[in-house]
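What follows is calculated from the coordinates using simple rules that are stated; it is not laboratory data. Just so you know, these numbers come straight off a predicted model, no measurement behind them. Neighbour counts run over all protein chains shown; Cβ positions are idealised from the backbone, glycine included.
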Amino acid sequence: MLTVINVLHFSDFHIGVETYGKTDADTGLNTRTLDLLKTLDSLVDYSIAEKIDLVVFSGDAYKVRDPTQTHQREFARRMVRLADAGIPVFLLVGNHDLPHAISRATAMDIFNVLRPADGESGKSAYHSNIYIGARPGTTLIQTKNGPVQIVAMPWIRRGSFTNLDEAKGLSVDGVTRMIEGKLTDILVSEAANLDKTIPSVMSAHVTISTAKYGTERGMMMGRDHVLMQSTVTSLGFDYVALGHIHKRQQLSSNPPVIYPGSLQRLDFGDEDEESKGFYTFKLDPRMPHGQMCVSFDYHPLESRQFLTFEIDISEQDTDPTATVLNAISRKRITNAIVRMRISLPQSRAPLLNDATIMKALQPAHFVASMVKDVQRTNRSRLGSASIEGVTPLEGIRLYLEAKKTPKDREKIVMRYAEQLMNEINNKGDE
């Protein structure tokens, strides 16, 4: 009897991002690594509790192409926990998962080597329920509620194409267009050979033409190739599970074409995103080909907050430190990653107490920076007058006028200034 298949989609985990973190005393791990693992644990817990039938990961498990053994172990532990719970896992290879050399293994290849071993436990470190999408192609996965076809479009190395005869003599942009054309041809071919009675999912680590970039701009390794949205929506897939863009976005609803975004806020480029999380969707094999996704939902996860304070101090501010403290008090900084940008006149800079401000920021998880933009005073600001040839007394008078000093006070200051000048001159004559 056919039944609905529940699928979970996430991407861009990027374990290894440790900027704005510190060493955790209990585990010895960077606190940003712990942030990432906490969200992944929540995702795994949800999958098991809600009896998810299939988990699709759309690339970039790691930050770097050569992840540490610790990062590989921690990611593998979570994937194996899903697989051991009877949930098949599809892992697509992203650009951060690829080595520099074509002949070298990807960070995902270990899953294809180690399989369950005979023994007392009946289990090994890795699991036959884990599938790797390292090359373009279609994988048929049997879930407990029925089969699903996944068409994989992992990140493609430019080097795989630049040695082709047809690439010779092409410009960089020409090679990019050639790659885009070949990827489109691959997708068209794979889609044409799908079994139209079985739900189909396209999992691609790629930029779609209508996507809006997020924090991945600062993490990109090489030039992007782009697929047209009209292409991926016209091939009959029931759901298009995308990775590579860290900003969550739904590009289409029929079929759903979705970037779930990164699982955690990775830097200040994610500051304005309301939440981070993953998607679930339901596939109904009883529906027509291309229309089997009957619903999809976004699920937010707890993610560490990033906060930027932009504070302008005026010339008239008699207590700039209090102004900064007041701005801090209006936001919830506890456990957040914070940076300060304070703009102030040079005359106010000595009144700013850095120690007091840093003490107020102690509840934050990490203070990324405190930048002070001090606006230097123009020393020759004497109205429209030139300072050349101006006597000391005339200079004082021009200064008082520029500062809009009351006339009665100006007369007193000028009288004392004249007396002082006379005393200096008389001593010079002795």
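With the cut-off at 1.5 for a/c, could you classify region 5-301 from its C-alpha gyration tensor as rounded, prolate or oblate?
Rounded, because the longest to shortest axis ratio a/c is under 1.5.
Cross-link partners among lysines for Lys411, C-alpha distance below 28 Å, same-chain residues fewer than 8 apart left out?
Those lysines meeting the cut-off are Lys403, Lys427.
Take the Cα gyration tensor of region 306-375, multiply each eigenvalue by 5, square-root it, and list the three semi-axes largest first, rounded to whole angstrom.
Working from the Cα gyration tensor, I get semi-axes of 21, 11, 10 Å.
Which lysines, if any, have their Cα less than 25 Å from the Cα of Lys63, not counting same-chain residues under 8 positions apart?
Partners found: Lys22, Lys38, Lys212, Lys247, Lys276.
Provide the packing ranking of 7-14, 313-320, i.e. peptides ordered by the mean count of other C-beta atoms within 10 Å per residue, highest first.
7-14, 313-320
Suppose R0 equals 41 Å. What FRET efficiency, 1/(1 + (r/R0)^6) with r the Cβ-Cβ distance, do Ser347 and Ser171 give to the nearest 0.05?
So, using R0 = 41 Å, E works out to roughly 0.15.
Provide the gained length on full extension for the span Asp297 to Lys51, in nm with one decimal, where the gain is 0.36 nm per separating residue minus the Cα-Cα distance. Could the numbers behind the result be given before it?
Working: separation 246, 0.36 × 246 = 88.56 nm, distance 1.56 nm.
Answer, rounded to one decimal: 87.0 nm.
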